[in-house]
Amino acid sequence: PAGCYTMFIVNRAGGLVFTRHFSQPESSALKVNDWLRLASTFHSLHTISGRLSPISPAGGGIEVLETDTFRLQCLQTITGVKFVVIAEPRVANLDAFLRQVYVLYSDFVLKNPFYEVDMPIQCELFTARLDDLPVRP
């Protein structure tokens, strides 16, 4: 999707189960271990921020993180799975994009009889449909 750098999915235990790079400058490319560490760190910060916030409902956490160079948006499902997208700052409709990703996840990953919950996602149909999702700036 235009304007999106990377999307990743973190399971309820904080493990990285899926990463998709859409567009990313070569100089800022991270290694697999770096993405694992990043996902685990984000999961921890999300959990801590949800417990520290006086106005957030139980189970809440970081939903949007905006900087001058990127925008990070997170959608946490009722089961604790987190869908996170990192995009250009100008892209504003990331919540709708993440909800569409969640629908694809439900349809192509969870309904796959060969997929085990909390394991890495290796589903070609999910990845192909994910690449076709539009994001409006």
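Laboratory data are not the source of any read-out in this text; all were calculated from the coordinates shown. If you're wondering where the values come from, they're calculated on a predicted model, not measured in any experiment. Neighbour counts are summed over all protein chains in view; Cβ atoms, including those assigned to glycine, are modelled from backbone coordinates with ideal geometry.
Some notes on this structure:
- Residue (of Leu45, Ala87, Asn112) at the positive-pole extreme of region 5-137, dipole from beta-carbon charges: Leu45
- For region 51-105, a Kirkwood radius taken over Cα pairs fed into Stokes-Einstein (10 °C, viscosity 1.306 mPa s) yields D = 131 µm²/s.
- The relative contact order of region 1-105, computed from alpha carbon pairs under 8 Å that lie at least 6 residues apart in sequence, is 28 percent.
- Label-to-label distance, nm, for residues given as Thr79 and Glu124 (7 Å Cα→Cβ offset): 2.4
- With the convex hull drawn around the C-alpha atoms of the chain, the volume per residue stands at 113 Å³.
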